[in-house]
Amino acid sequence: MLHMPRRIATGIDIGTHQTKVVVVEEVVTGKSSELKIIGTGLASSAGMRHGYVVDAEDVAATVKNARRQAENIARIPIKNAFLAIGGISLDEARATGTSVISRADQEVTDLDLEKALESARHVAQPQFLNRRILHEIPIEFRVDGNKVLGDPIGLRGTRLEGDYLFITCLESHADTLTNAVEAADVEVLDCMASPLAGSYVTLSKDQKMKGCVLANIGAETLSIVVYDENVPVSVKVFPSGGASITDELALGFRVSLEDAERIKMGRLSGAMYPKKKVDDIIASKFRAMFNLIDQHLKALGKRGNLPAGIILSGGGSGQGSITDIAKGTLALPSRIAEMQVAGESKVRDATWAVAYGIALWGLTGDTDAPRRGNATVTEAGKMLKRFFRQFLP
């Protein structure tokens, strides 16, 4: 009797504070299949600052530690993985590409889409210096100047225009992070921007369609992804996170960083640390973070115009009256993210969303993002088309 090979993928999320590993398996029962988390690993990060690698050996040791835990629980060796790329090196570029529709009957084909993308890449080229393109996402298509609702393939006209969002990171950052993981004896199959990975398992299709912003508050970074009409229209990372609150409390009360962290988490209180003063310091730092998001939404023309509001995730999202502060600062509905986990799982906390999201991406291709891996050119081309279709407005 033939045994089908197990379909398993591993996601790695290396944060400044914690490194997480999630192993996901597709389990087929009869005619249906379900996705199960079969292993998790968690280690305190070392060698990272603002999402950058400052000591590759420390990062490799951290990954090894988290990997061993996940291997012990999953009871399989982890030889390869999909890696989330975050940190302040993430950025975005926008460009419009055009192509003259090539067929004699003027019907739009895949070739026209590819030419429009190539044209947009050429326009945005100056913004790619020393940077790696992680994702190329079509925002909107127009045929002969008229906006297309949905897929332009099969429509007729003479000229196709496409607006594209390119998500990039510093080439050196991606290489250093990948090398650190591979030094821990894990082959990196492909990389994905952390905010996108997290969005796949914390946002519903309805939220993405109506328009929302997912904000992940890490230790040293605040990363956001903005969705509208089911398309990620912006990905941005700010150099501000939960650690800045600890710093502010340490200065405000003239205590050590360790004590300041305890005050922040509510484990140290009393007459010397009045609750009102603690709350005011925390609230003012959160307001400053949400003001950064507000300014970015204003620049995008999305301020106050995202009916599904702001969804908060990450280690810094579980504090105090953060949803009220977000609501007040951004004038948007506000809620804490919940991770949509298939089947039974102990991982419910949305701080695992990035590692889980990228493992799913690696396993199922649900996100249909193009991957290098061992795909042939034809397979890569098909994946690229499916990736576009997923984001087509």
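The values are calculated or read from the model by the stated rules, or taken from the named source; none is laboratory data. This one's a predicted model, so the numbers in the text were calculated from it and none came from an experiment. Heads up, the Cβs are rebuilt from the backbone with ideal geometry, glycines too, and the neighbour counts pull from every protein chain shown.
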Checklist line | Residue, farthest from the chain's Cα centre (by Cα), within the range 71-119, restricted to residues that are in a strand (DSSP E or B) and under 30 Å from GLY41 (Cα atoms) | finding: ASN80
Margin query: Contact list please: Cβ distance under 7 Å, first residue in the range 337-362 and β-branched (Val, Ile, Thr), second residue modelled with pLDDT under 85 and surrounded by 24 or more Cβ atoms within 10 Å (Cβ to Cβ), pairs at least six apart or on different chains.
Written below: THR351/GLY314
Note to self: On the basis of being touching a residue at least 12 places away in the same chain (Cβ under 8 Å) and under 23 Å from TRP352 (Cβ atoms), does GLY266 make the cut?
What the structure shows: no
Next item on the list: Would you point out the residue of the range 120-169, among those that are touching a Leu at 6+ places or on another chain (Cβ under 9 Å), part of a loop (DSSP other than H, G, I, E, B) and not β-branched (Val, Ile, Thr), that is surrounded by the most Cβ atoms within 10 Å (Cβ to Cβ)?
Entry: PRO152
Check: Pairs, please: C-beta under 7 Å, at least 6 apart or cross-chain, first residue under 30 Å from ALA56 (Cα atoms) and in the range 9-38, second basic (Lys, Arg) and modelled with pLDDT of 90 or more?
Finding: ASP13/LYS20; VAL21/ARG67
Item checked: So PRO274, is it closer than 20 Å to ILE167 by Cβ and either surrounded by fewer than 19 Cβ atoms within 10 Å (Cβ to Cβ) or in contact (Cβ under 8 Å) with a residue 60 or more places away in the chain (or both) -> no
Notebook entry, point to check: Which number in (1) at pLDDT 95 or above; (2) in contact with a Pro (Cβ under 9 Å, 6 or more places away or on another chain); (3) within 25 Å of ASP175 (Cα to Cα) marks the one condition that ARG142 misses?
Noted result: (3)
Notebook entry, point to check: Hey, among the residues in the range 214-223 that are of a type outside the set (Gly, Ala, Ser) and touching a His at 6+ places or on another chain (Cβ under 9 Å), which one's nearest to SER334 (Cα to Cα)?
Noted result: THR221
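For the range 29-47, state whether one or more residues are in a loop (DSSP other than H, G, I, E, B), among the small types (Gly, Ala, Ser) and under 29 Å from GLY157 (Cβ atoms). It would help to see each step written out before you state the result.
Going through the range 29-47, the residues in a loop (DSSP other than H, G, I, E, B) turn out to be 30-31, 45-47.
Filter once more, so that each one left must be among the small types (Gly, Ala, Ser): 30, 45-47.
Subsequent filtering for residues that are under 29 Å from GLY157 (Cβ atoms) retains none.
No: the range 29-47 contains no residue that is in a loop (DSSP other than H, G, I, E, B), among the small types (Gly, Ala, Ser) and under 29 Å from GLY157 (Cβ atoms).
Kindly check whether there is at least one residue in the range 56-70 that is out of contact with any Leu (no Cβ under 7 Å at 6 or more places or on another chain), surrounded by 20 or more Cβ atoms within 10 Å (Cβ to Cβ), touching a residue at least 24 places away in the same chain (Cβ under 8 Å) and not assigned by TED's automatic domain parsing to the domain that holds ALA183. Walk me through how you get there before you give the answer.
First, pick out the residues of the range 56-70 that are out of contact with any Leu (no Cβ under 7 Å at 6 or more places or on another chain): 56-65, 67-68, 70.
The next check asks that each one be surrounded by 20 or more Cβ atoms within 10 Å (Cβ to Cβ); those that pass are 59-60, 62-63, 67, 70.
Narrowing further to those that are touching a residue at least 24 places away in the same chain (Cβ under 8 Å): 59-60, 62-63, 67, 70.
Imposing the further condition that a residue be not assigned by TED's automatic domain parsing to the domain that holds ALA183 reduces the set to none.
Within the range 56-70, not a single residue is out of contact with any Leu (no Cβ under 7 Å at 6 or more places or on another chain), surrounded by 20 or more Cβ atoms within 10 Å (Cβ to Cβ), touching a residue at least 24 places away in the same chain (Cβ under 8 Å) and not assigned by TED's automatic domain parsing to the domain that holds ALA183.
In the range 294-306, what residues are touching a residue at least 40 places away in the same chain (Cβ under 8 Å) and either among the small types (Gly, Ala, Ser) or in contact with a Cys (Cβ under 8 Å, 6 or more places away or on another chain) (or both)? Steps first, answer last, please.
Restricting attention to the range 294-306, the residues satisfying the condition of being touching a residue at least 40 places away in the same chain (Cβ under 8 Å) are 296-297, 300, 302, 305-306.
Selection gives LEU306 alone.
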